C-alpha cells in the first residue's frame with residue numbers, strides 16, 4: 001500500500017517523536033497494517049572499531065520497525081512494549097543504508113509476534129529478527 005505524502009509525513013513525525021529514533025535518523029519507507037519498513041541512513045558515526053556498522057544500530061532499527069508494525073495492529077488507546085527480541089547477524093555493513101522490514105506474524109490479546117529482515121538497499125540480507133511485544137491495556 002502506497003502512502004500519500006501527507007500520511008508519510010505524519011508517520012515520519014511519529015517516528016521522530018522518539019529522541020533515540022531522531023538521533024539515529026530513522027526514515028519511513030513504507031507503512032501498512034502489520035507491516036513497516038524503516039531506513040537507517042548510513043553515517044560514519046555508526047561504525048565500530050573494525051569499520052562495520054555496529055550491531056546495536058542494526059538491532060535498534062529492527063526493534064523500532066517491529067514496534068511500529070505492532071502498533072499498527074492495535075486498537076485505539078492500546079500500547080505495546082518489547083518483551084524479548086532475538087537477532088541473527090548474517091552480513092556486515094560497511095558504508096550502506098540499512099532497511100528493516102517488520103511484519104506481524106501473530107497479533108493476540110496479550111502479545112504480538114513480529115519478524116523483521118534488515119537488508120541493504122540492493123537487497124543483501126544483513127540480519128533476521130524475531131520479537132515478542134506485550135500488549136498494554138489503555139490507562140484510565
query = Quick one: if you stick a label point 7 Å off each Cα along the C-beta vector at residue 14 and residue 90, how many nm between them?
reply = 2.8
inquiry  = For the ranges 55-61, 91-97, what's the packing order if you count other beta-carbon atoms within 10 Å of each residue, average per peptide, and put the highest first?
reply    = 55-61, 91-97
query = Which residue, 74, 83, 40, tops the fluctuation ranking in a GNM of the chain built on C-alpha contacts under 10 Å?
reply = 83
query = Based on Cα positions only, what radius of gyration and what Dmax would you give for the range 5-56, in angstroms?
reply = 13.0, 41
ask   = Arranged by the count of other C-beta atoms within 10 angstrom, fewest first, what order do 128, 10 take?
value = 10, 128
inquiry  = If I model a spin label at residue 125 and residue 71 as a point 7 Å from the Cα along the Cα→Cβ vector, what separation in nanometres do I get?
reply    = 2.8
query = How much length, in nm to one decimal, is gained on full extension between residue 54 and residue 105, taken as 0.36 nm per residue of separation minus their Cα-Cα distance?
reply = 15.6 nm
note = Neighbour-count ranking for 42, 26, 20 (other C-beta within 10 angstrom, fewest to most) reads 20, 42, 26
message = Could you tell me the center-to-center distance, by alpha carbons, between the range 76-140 and the range 26-71 in angstrom?
response = 9
remark   = Taking R0 as 35 Å and r as the Cβ-Cβ distance between residue 134 and residue 5, the FRET efficiency 1/(1 + (r/R0)^6), rounded to the nearest 0.05, comes to 0.55
task = Treating the angle as unsigned and between 0 and 90°, give the value, to the nearest 10°, between the Cα long axis of helix 5-15 and the longest Cα principal axis of the chain.
result = 80
ask   = So how many Å³ per residue does the convex hull of the Cα atoms of the range 5-136 work out to?
value = 104
query = Can you give the translational diffusion coefficient of the range 50-115 in µm²/s, computed by Stokes-Einstein from the Kirkwood radius over Cα pairs at 10 °C and 1.306 mPa s?
reply = 121
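Since every read-out is calculated from the coordinates, none of them should be taken as a lab result. Owing to the predicted nature of the structure, the values given are computational and were not obtained by experimental measurement. So basically every Cβ, Gly included, is an ideal-geometry build from the backbone, and we count neighbours across all protein chains shown.
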